[in-house]
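None of the figures in this text is laboratory data; all of them are computed from the coordinates on show. This one's a predicted model, so the numbers in the text were calculated from it and none came from an experiment. Positions of Cβ are generated from backbone atoms using ideal geometry, with glycine treated the same way; all protein chains shown enter the neighbour counts.
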Amino acid sequence: MAELNDQNAVTIPRVTMNLFRGCLVATLQVDLTPRLIEQFQRDLLDLLAESHATRVIFDCSGLEIIDPEEFESLCRVTTMARLLGARVVMAGLRPGVVASLIALGITGDGVLTALSLDDAFEVHEQAEQSRTPGKDEHHGNTV
Amino acid sequence: MATQGDSTKDWLDSYGINKVDLERIHSFGEHMRARLPEFVEAFYVWLRRQPEFVEHFSDPKKLARVRDLQVDYWRDFFNAQVDDEYLSRRSRIGEVHARIGLGLPVYFAAMHFSLSTLADILFEGEIEGMSDRVAMQTKRSITKLVHLDTAVVVDTYSRITNEKISDQSRALLEMSTPVTSIWQGILLLPVVGLIDSRRAQDLMNAILAKIAESRSRIFILDISGVAVVDTAVANHLIKITKATKLMGCDCTLSGISPAIAQTVVELGIDVGEMRTTATLRDALEDAFRRMGIELQSRTTK
């Protein structure tokens, strides 16, 4: 079993993250496990601190199932990212995923969302525009 | 005997009809053959007194045709060849009755009338070589087969009626979720009638599927046609708006009447950040503004 712990970083698939015009795009495609999310959280925060990116997009279009716990963990990651000065938009949640999350009592309050990756960039732009001086920084969309 | 499928055997078994019964009916049928027109005539004298008569049999041509069918029916009955074909002929009667809307009560009354007429013939009809004992046994056999016929007819009748009902409710369900794209990127769903949890679920599924398919960023749910908004309905609506939000599509609830606004607040329902407008027009204008669309009348100078 010691072997399992050692090869942690090797066998667990990591979430692909790409910097694209100052925006960090994380493509969530593999099944979310607690370990994977933990790893993803570390990687993302490290990368944010390193790159000073202010825009993050979680591309969820590849996920067929997200259970409420996994969703809550992702939300926690977005809050952590916000503390590092970045805004996270969840993009491409599928109808089936959304229906089951809502049925299981998830409200999705305080989460920025977008239909697709393309839309997510626009949501970022709009959020930045609405963050004019004098206005509350967490205007409208956050917890 | 011709082909007898499993279902035919089941029918015969459940009514306890055996070969002896069928033979008795058949031999009584020999006597009845000549009397059939008279027998059917008596039936129509009875039928004429029923309220359904005017509705279904006022056309003389139709009446004549139905009478011929009636004679055929009893000829078939006294032939006593119960096979798959026989059952499907019976089942067709149920189909016809269901299609024309001839109710079961009158059908039962008719079968009851025929059965008691047959009993009269059996016991008082001076049939040669028919002892009381044989008459009794024949009566029992006939009753069994008449009941089987009736059961087959009722079975088909109720099956067809149920089919009709489920077809209608399916049509109603499809009609009730006409999610339409009214503009590039704007979806509209006018909800009419009552919202229960089942319908709310259907609405949500239809809406989410349509959002994913059309990639719309604004969704307008018009509830001006919703009769009652109570806590349960409001919660369903809130869930729908949250679900669309998770998809990345903004939901506006339009058609909130003053009465609804009052009840919502009085019931202490937390509408959260739900975007609401009084009329569909306001919602549409708001949607256009957010999409950056400007409409201008052509006549304006």
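Semi-axes of the equivalent ellipsoid of the stretch B:1-121 are 26, 18, 13 Å, computed as sqrt(5λ) over the eigenvalues of the C-alpha gyration tensor in descending order. Using a ≥ b ≥ c from the Cα gyration tensor of the stretch B:240-284 (square roots of the eigenvalues), is it rounded, prolate or oblate, where a/c under 1.5 gives rounded and otherwise the larger of a/b and b/c decides, a/b for prolate? In terms of gyration-tensor shape, oblate. Note the direction-averaged projected area, equal to a quarter of the hull surface, for the Cα convex hull of the stretch B:163-297, in nm². One quarter of the hull surface, i.e. the mean projection, equals 9.1 nm². Dipole of chain B computed with +1 at Lys/Arg Cβ and -1 at Asp/Glu Cβ about the Cα centre; of B:MET204, B:VAL146, B:ALA34, farthest Cα towards the positive end is B:MET204.
Per residue of A:88-100, what is the mean number of Cβ atoms on other protein chains within 10 angstrom of that residue's Cβ?
Taking the mean over all residues of the peptide, I get 5.
Based on the reciprocal of the average 1/r between different C-alpha atoms, the Kirkwood radius for the protein assembly as shown equals 28.5 Å. Using 0.36 nm per residue and subtracting the Cα-Cα separation, the extra length available between B:HIS147 and B:ARG198 on full extension is 14.3 nm.
The magnitude of the dipole of the stretch B:1-151, with charges of +1 and -1 set on the Cβ of Lys/Arg and Asp/Glu and taken from the Cα centre, is near 280 debye.
Counting every other Cβ atom within 10 Å of each residue's Cβ, B:TRP183, B:TRP11 order from fewest to most as B:TRP183, B:TRP11.
Using a Gaussian network model of chain B in which every pair of alpha carbons under 10 angstrom is joined by a spring, one finds that among B:ASP72, B:ASP59, B:ASP84 the greatest mean-square fluctuation is at B:ASP59.
About the Cα centre of chain B, how large is the charge dipole given +1 on each Lys and Arg Cβ and -1 on each Asp and Glu Cβ? Please answer in debye to the nearest 20. The partial results should precede the final answer.
Details: 37 positive and 41 negative charges, 219 e Å.
So the magnitude is around 1060 debye.
Over all pairs of different C-alpha atoms in the stretch B:48-180, the reciprocal of the mean inverse distance, the Kirkwood hydrodynamic radius, equals 17.3 Å. The distance linking the stretch B:102-160 with the stretch B:1-71 is 8 Å (Cα centroid to Cα centroid, whole angstrom). Considering only B:ASN235, B:ILE223, B:ILE269, and ranking their Cα positions along the charge dipole of the stretch B:201-301 that arises from unit charges at the beta-carbon of Lys, Arg, Asp and Glu, the one farthest toward the positive end is B:ILE223. Across peptide B:193-206, the average count of Cβ atoms from other chains found within 10 Å of a residue's Cβ is 1. Modelled spin labels at B:THR3 and B:VAL45, positioned 7 Å past Cα toward Cβ, are 4.3 nm from each other.
What is the angle, in °, between the Cα long axis of helix B:104-124 and the longest principal axis of the Cα atoms in chain B? Nearest 10 is fine, range 0 to 90. Helix B:104-124 sits at roughly 10 degrees to that axis.
Could you please report the charge total around B:PHE219, scoring K, R as +1 and D, E as -1 over all other residues with beta-carbon less than 13 angstrom from its beta-carbon? Charge balance in the 13 Å sphere: +3.
For the protein assembly as shown, a crude dipole built from +1 on the beta carbon of Lys and Arg and -1 on the beta carbon of Asp and Glu, taken about the Cα centre, is about 1100 debye to the nearest 20.
Return the calculated 222 nm mean residue ellipticity for chain B, to the nearest 500 deg cm²/dmol, obtained by summing -39500 (n - 2.57) across DSSP H runs with n ≥ 4 and dividing by the residue count.
On the way: 11 runs with 204 residues, N = 301.
The helix contribution divided over chain B gives -23000 deg cm²/dmol.
Defining a contact as two alpha carbons under 8 Å apart and six or more residues distant in sequence, what relative contact order in percent does chain B show?
Working: 290 pairs, mean separation 43.8, N = 301.
Averaging sequence separation for qualifying contacts and normalising by length gives 15 percent for chain B.
Which of B:HIS97, B:HIS236 comes first, and how do the rest follow, when ranked by fewest Cβ neighbours within 10 Å? Listing B:HIS97, B:HIS236 from fewest to most nearby Cβ atoms yields B:HIS236, B:HIS97. Under the shape rule built on the C-alpha gyration tensor, where the axes satisfy a ≥ b ≥ c, chain B is prolate, since a/c reaches at least 1.5 and a/b is greater than b/c.
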